[in-house]
Amino acid sequence: MGSHVIFFGWDRPIPGREAASAGLFQEFTQYLAGLQGDGTIESFQPVFLNSHGGDLNGFILIQGDGAKLDAMVSSEKWIRFNIQAGLYLDGAGTIRGTTGDLLMEQMGIWTSLIPD
């Protein structure tokens, strides 16, 4: 499994744009399912968080090969989804990350740089 991830998170729908954000969520998850089907991404996991008083109420974790994820986030379709998310959701944002073997490799680099 790929060691690269994209974390797409949000707070809540902008008031008055709830229906549009629900439609976008459905369209975006269908888009991701298609990317998984054609091998562009390896997996994706949508998560809704329980009420907790914070400003992160949901996210989608997308996992795959780094180069394929780079191509995905550079595509016009991805850019359009991100622009729409910004119009419909408060606090929408994308963060790149690592997991698996790459995480362990980066942890090794980090620990090697800790001063004695």
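Derivation of every value follows stated rules applied to the coordinates shown; laboratory data play no part. Not measured: the values here are computed from a predicted model. All Cβ positions, glycine included, derive from the backbone under ideal geometry; neighbour counts span all protein chains shown.
Taking H placed 1.01 Å from N in the peptide plane, check which residues at least 5 places from Thr40 or on another chain put their amide H under 5 Å from its amide H.
Under 5 Å from the amide H of Thr40: no residue qualifies.
Compute the whole-percent fraction of alpha carbon pairs in the chain spaced more than 25 Å apart. Kindly include the intermediate steps, with their values, before the conclusion.
Values: 1995 of 6670 pairs.
When all Cα pairs of the chain are counted, 30 percent exceed 25 Å.
Please list, ordered by chain and number, the residues whose modelled amide H lies under 5 Å from the amide H of Arg12; skip anything fewer than 5 residues away on the same chain.
Asp90
Once you sort the root eigenvalues of the Cα gyration tensor of the stretch 56-116 as a ≥ b ≥ c, which label holds: rounded (a/c under 1.5), prolate (a/b larger than b/c) or oblate (the other case)? Intermediate results must be reported in sequence, preceding the final value.
Details: a/c = 3.09, a/b = 1.93, b/c = 1.60.
Prolate, since a/c reaches 1.5 and a/b exceeds b/c.
Note down the magnitude of the dipole of the chain about its Cα centre, charges +1 on Lys and Arg C-beta and -1 on Asp and Glu C-beta and zero elsewhere, to the nearest 20 debye.
I would put it at about 320 debye.
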